[in-house]
Each structure stands twice: as structure tokens, then as C-alpha cells.
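The values are calculated or read from the model by the stated rules, or taken from the named source; none is laboratory data. Keep in mind that this is a model prediction, so the values were computed, not measured. Cβ coordinates were reconstructed from backbone atoms using ideal geometry, including for glycine residues, and neighbour counts include every protein chain displayed. Keep in mind that these areas ignore ligands, DNA and RNA; they rest on the heavy atoms of the full protein, side chains included. Shrake-Rupley method; radii C 1.70, N 1.55, O 1.52, S 1.80 Å.
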Amino acid sequence: MSDSLYNITLKELEARTEDIRPSDVVLFSEPLRTALNFVIRLGRFSLTEFAEKLEFTREQTGRIADILIERNLFVKSRFSNAEETFYESRLSALTRPLSRPPSDIWKKID
């Protein structure tokens, strides 16, 4: 893939300041949208698999994965080793902290 496509993808991710949820993936351009759909459905995936889908170099894909970790879409898996880095995608419910409903919620519903 061309460096310009990589730069566009990088700028697109760096422009976002909030967490990225799986539902936000549709807003991204190709090939990022297709690659993210693929790895989110897998749940656990390697840097090699992600790089194959993006068609970027491993270094470029690693930089993109680091941004996605910062934006709470991915976490680095404990299965990572010296030969391969593995990631796990987060589900939308896990990317934002949950708050307890107010104690009088049932009164409001009734």
C-alpha cells in the first residue's frame, strides 16, 4: 500500500480524541474499516493478521495498533511473545466505565 494511504489512516485516527467503540468503525475510510471489522469479529488476533488486512508494513500496523490501544479499542494480549504480538478487541460495553443507576430508579420507572 502507498505511504499516502497510511498517512491518511494515521491522521484519521490521531484526529479522534475520545475512545473508539466498535460502532465507530463505520466512520473510518478503507482499508481501516474492513480491517477493524475483521479483527473485532475475531476477538483475539495477531499483528501479522492485522497487517495483512491493512496491507501496511508491520511497523506501520504496529503504530496504528498502538493508537487503537490508547483509544481503548484494543488491548495487548497476555499471549504476546518475542515472535508475535497479539491483541484483543474490546466490546463496546467495556470501553466506557459503567456507572450505577440511581437508587430511586424503580420509583422513576413505576
From highest to lowest solvent-accessible area (probe 1.4 Å; ligands, DNA and RNA excluded), K11, K76, K53 read K11, K76, K53
For the range 1-40, shape from the Cα gyration tensor axes a ≥ b ≥ c, cut at a/c of 1.5 then a/b versus b/c, turns out oblate
Per DSSP, the loop-located GluC sites (Glu not before Pro) within the range 1-42 having at most 11 other beta carbons within 10 Å are E18
Probe 1.4 Å, heavy atoms of protein chains only: per residue, the accessible area of the range 32-88 in Å² is 53 Å²
Amide H contacts under 5 Å for T85, restricted to residues at least 5 apart in sequence or on another chain and with H modeled in the peptide plane, are L47, T48
Using alpha-carbon positions, the gyration tensor of the range 28-68 gives root eigenvalues a ≥ b ≥ c; with a/c under 1.5 called rounded, otherwise prolate if a/b exceeds b/c, else oblate, the class is rounded
